[in-house]
1. Would you confirm whether or not the stretch 135-150 contains a residue that is part of a helix (DSSP H, G or I) and either more than 16 Å from ligand 1 (Cβ to nearest atom) or farther than 15 Å from Ile10 by Cα (or both)?
2. Tell me the residue from Gly40, Gly29, Gly84 that is at positive phi and either charged (D, E, K, R) or in contact (Cβ under 8 Å) with a residue 60 or more places away in the chain (or both), please.
3. Go through (1) closer than 20 Å to Ile70 by Cβ; (2) among the acidic types (Asp, Glu); (3) surrounded by fewer than 18 Cβ atoms within 10 Å (Cβ to Cβ) one by one and return the number of the condition Asp178 breaks.
4. Kindly establish whether Ile213 is outside any loop (DSSP other than H, G, I, E, B), more than 15 Å from ligand 2 (Cβ to nearest atom) and closer than 18 Å to Ile139 by Cβ.
5. If Thr185 passes every condition in (1) surrounded by fewer than 21 Cβ atoms within 10 Å (Cβ to Cβ); (2) over 30 Å from His75 (Cβ atoms); (3) modelled with pLDDT of 95 or more but one, which one does it miss?
6. So Ala186 fits all but one of (1) within 12 Å of ligand 1 (Cβ to nearest atom); (2) within 26 Å of Asp39 (Cα to Cα); what number is the exception?
Amino acid sequence: MPAVLVAPSILAADFSHLETEIHRAEEAGADWLHLDIMDGHFVDNISFGPAVVATVRKHTRLLLDVHLMIEHPDHYLPRFLEAGANSITVHVEAEAKHDVAQTLAAIRAAGCGVGLTLNPATPFEAVAPYLGTIDLLLIMTVHPGFGGQVFRPEMMDKVRRARQWREANGGKLHIEVDGGIKPETAGTSIENGANILVAGTSIFRAPDYAAAIRELRGE
Ligand code: DX5
Ligand code: ZN
């Protein structure tokens, strides 16, 4: 199984001190930074766009893991690539209003990491046809739109199915979980096959970011 990586979600960071928060997370041992893009249509919230991604890009060399919770991600792809995204994850649901295969191919053609994700209510079968074309499968453990929600343990069935696929197909697929990830739910996710942990609240609301990241890793 690939090494366990921790990707703090800056949605939970203090935006009035974003540069400081980025440096604190990096010094605390973050492996990637997770950037949650919300358009108020695909999800019932609005977060930030390419301009903030470009700002974050200026202050860190960490891999920027951009999670597009938006309609028409294909249309906005060039702007997130230009802003400095290193990996871009799009939603498989029809409500995202794009041709999934075409969008994944466009991300690949741009030399960017390719991610696909599904909501808790979406069956694993929806992503199965694409697994051979992606670098990362993000299994949402909450319904997207807000940080601070409660982890949904029934999503571990999907993590186990992703692990089975990874073990049968070269062992390289990143399996990422996102939503309600804290030390105990991180442990459960790792046990079931996840190797990338997205965490917002459990890191940015912690007094000690390094301790929070270590605890997520189970150290
Ligand atoms: C929710 C986002 C998650 C969220 C995680 O739509 O995709 O990345 O920020 O936040 P926590 O870790 O607080 O559940
Ligand atoms: Zn996310």
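The values are calculated or read from the model by the stated rules, or taken from the named source; none is laboratory data. Here the structure is a predicted model, which means the values were calculated and not measured. FYI the Cβ positions are ideal-geometry reconstructions off the backbone, even for glycines, and counts take in every protein chain you see.
1. At the first step, the residues of the stretch 135-150 found to be part of a helix (DSSP H, G or I) are none.
No, the conditions are met nowhere in the stretch 135-150.
2. Numbers: Gly40 fails: either charged (D, E, K, R) or in contact (Cβ under 8 Å) with a residue 60 or more places away in the chain (or both); Gly84 fails: either charged (D, E, K, R) or in contact (Cβ under 8 Å) with a residue 60 or more places away in the chain (or both).
When all the criteria are applied, what remains is Gly29.
3. (3)
4. Working: outside any loop (DSSP other than H, G, I, E, B): yes; more than 15 Å from ligand 2 (Cβ to nearest atom): yes; closer than 18 Å to Ile139 by Cβ: no.
Answer is no for this residue.
5. Failed condition: (1).
6. Unmet condition: (2).
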